[in-house]
């Protein structure tokens, strides 16, 4: 693929080859997904089992929580954007945060990941107090987030984007960085890991391209892959499906589930209900900054508070006059 | 019109002491802006404390040149920390405001009667380069090779300063190919992304500011070695803007961009000065010269925004 890039043949030929390889990759993808499905079912059922005995009510306690938030609030002037009494996230599950726009999901994300300071409250991650730690410290401790508006490092190659994610790099210290033999071996290892992840996220062909040349969907994938370079215990995805075409959505979903099956706890903010109902193990519904409901997808579907939060306000609006 | 004279002076200045000094300061600025994305509009402040660090140590306190250079480096570090610690946690604009103000504040402070006992204020501090000249291995006289013509002391300044420029470029090259440089570039591209990957953005910005500031300070040291008697008003904001022109001309974020930029800038600057002087004898053409440099910069921004060594394709990616 890379040698083909360097030495492009006649245009028609190149396009044919490209579409062929696309077909091929789709076929491979399907194969892999099928192959993966059984494992996935197992992992999903493991996560579901762990949550089976958990009550579907706001603030319910989980058997093995990776994240516990207590009385976390964030006030912007007169607006109480987040006011979470108690929230636990079970380790190894895929937990979705849903809620209408302005419900405080993203603000909660920002607070918990250290990108915003809470007005009050504490939260523990892996049993460790996190309040007051800087965002970079929290990331190094294993809680890594992505952004709603993708933050690809545009004038760096995909590979450089990936390699940046590795932690504890000796070459990132000023004096050792000047002496290549000190960090070269480690850098090679990181490169191998980055290449594997790029391969896994179907980005291997973009390896040496500037991230700025990538499509929106590819950037989403790159950001997710880059976050995995940190080897997080908890991955927080802020609207990973926003602005991605439906075909790629399926592939993204597969990747997210695979991360969960690989043992990473995933929290995601998402708006697409179909997506959420199909992949989540646990759903937390926000409205006006508070957690109004949580439970398995089936619990949420039939929950009156959720229905009200999504539809109630609309119903209360006066009907538009017909034109 | 004396074309031979005009070109002789332009070519001599192209690689002369000032070109070398500005190249050194621009390498520092390139580290700030080109690689880290820091908006430093006060590189002249580092040159000022570098020049006055060595000047005050050597002239006022009669210390040796080496102590003076140490003082100059320490002063640059201190200025970088004072500017960086409060502003680097904030948005980029705050550093820009702080640096542009710092340059002016320092200039006025060193010019004031209050500091006169130490800096000699507006009367100028000198001679600062006796010891430096005593080390000059080149025999006294004027040397000429084709159109290039220098005195032995100018050659000595050039030799030392261009060597420093080469060392600085090697340093930047080594840093930029390392993971340290990778983090620095990620800070330039997107601070929040770098933080989300566990990088201490603040620490890297501070390191970059200090290192680039020290290069600016060393440029200040070489400046005073060249001109011998310095005045605070030598360090006006114009110097910073020349440095920005030099960096963008050569190509920001390119290792030898500032060197190429300095050489071209000083050729043009010197050429225009001599040419306008011949064209309008006796007239004050200084302002016209600066205006024409500004025009050239504008044309450059329109037709080659990435500079001479920059990649225009890469430049376009910046649009987020």
(request) Tell me, please, whether a residue that is touching a helix residue (DSSP H, G or I) at 6+ places or on another chain (Cβ under 9 Å), more than 8 Å from chain A (Cβ to nearest Cβ) and either surrounded by 19 or more Cβ atoms within 10 Å (Cβ to Cβ) or over 20 Å from residue B:47 (Cβ atoms) (or both) can be found in the stretch B:192-201. (result) no
(message) Test of understanding: among B:108, B:159, which residue is over 27 Å from residue B:85 (Cα atoms) and surrounded by fewer than 16 Cβ atoms within 10 Å (Cβ to Cβ)?
(response) B:159
(message) Given (1) within 14 Å of chain B (Cβ to nearest Cβ); (2) surrounded by fewer than 19 Cβ atoms within 10 Å (Cβ to Cβ), identify the lone condition not met by residue A:212.
(response) (2)
(request) Quick one: count up the residues across the stretch A:155-189 that are assigned to a helix (DSSP H, G or I), touching a residue at least 40 places away in the same chain (Cβ under 8 Å) and more than 9 Å from chain B (Cβ to nearest Cβ). (result) 3
(message) Is it the case, given these coordinates, that residue A:120 is over 16 Å from the mean Cα position of the chain (by Cα) and surrounded by 22 or more Cβ atoms within 10 Å (Cβ to Cβ)?
(response) no
(request) Looking at (1) more than 10 Å from every other protein chain (Cβ to nearest Cβ); (2) in contact with a strand residue (DSSP E or B) (Cβ under 6 Å, 6 or more places away or on another chain); (3) crowded, with 20+ Cβ neighbours inside 10 Å, find the lone condition where residue B:151 falls short. (result) (3)
(request) Would you check if residue B:317 is at negative phi, within 14 Å of chain A (Cβ to nearest Cβ) and surrounded by fewer than 19 Cβ atoms within 10 Å (Cβ to Cβ)? (result) yes
(message) If a residue counts only when it is within 18 Å of the chain's Cα centre (by Cα), which helices (runs of 4 or more DSSP H) contained entirely in the stretch B:201-320 have at least 3 such residues?
(response) B:201-227, B:237-250, B:257-279, B:286-303
(request) Out of A:260, A:226, A:219, report the one residue that is surrounded by 17 or more Cβ atoms within 10 Å (Cβ to Cβ) and away from chain B (no Cβ under 14 Å). (result) A:260
(request) Using the structure shown, decide if residue B:33 is assigned to a helix (DSSP H, G or I) and within 12 Å of the chain's Cα centre (by Cα). (result) no
(request) Could you run through the stretch B:170-185 and say how many residues are assigned to a loop (DSSP other than H, G, I, E, B) and surrounded by 20 or more Cβ atoms within 10 Å (Cβ to Cβ)? (result) 1
(request) With a cut-off of at least 2 residues that are more than 27 Å from residue A:230 (Cα to Cα), name the strands (runs of 3 or more DSSP E) lying wholly within the stretch A:252-301. (result) A:282-287, A:290-295
(request) Residues being touching a residue at least 24 places away in the same chain (Cβ under 8 Å) and within 14 Å of chain B (Cβ to nearest Cβ): count how many of those fall in the stretch A:126-154. (result) 15
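No lab work stands behind these numbers, since they all come straight from the coordinates. Remember, it's a predicted structure, so these values are computed and weren't measured experimentally. Note that we place each Cβ from the backbone using ideal geometry, even for glycine, and neighbour counts take in every protein chain shown.
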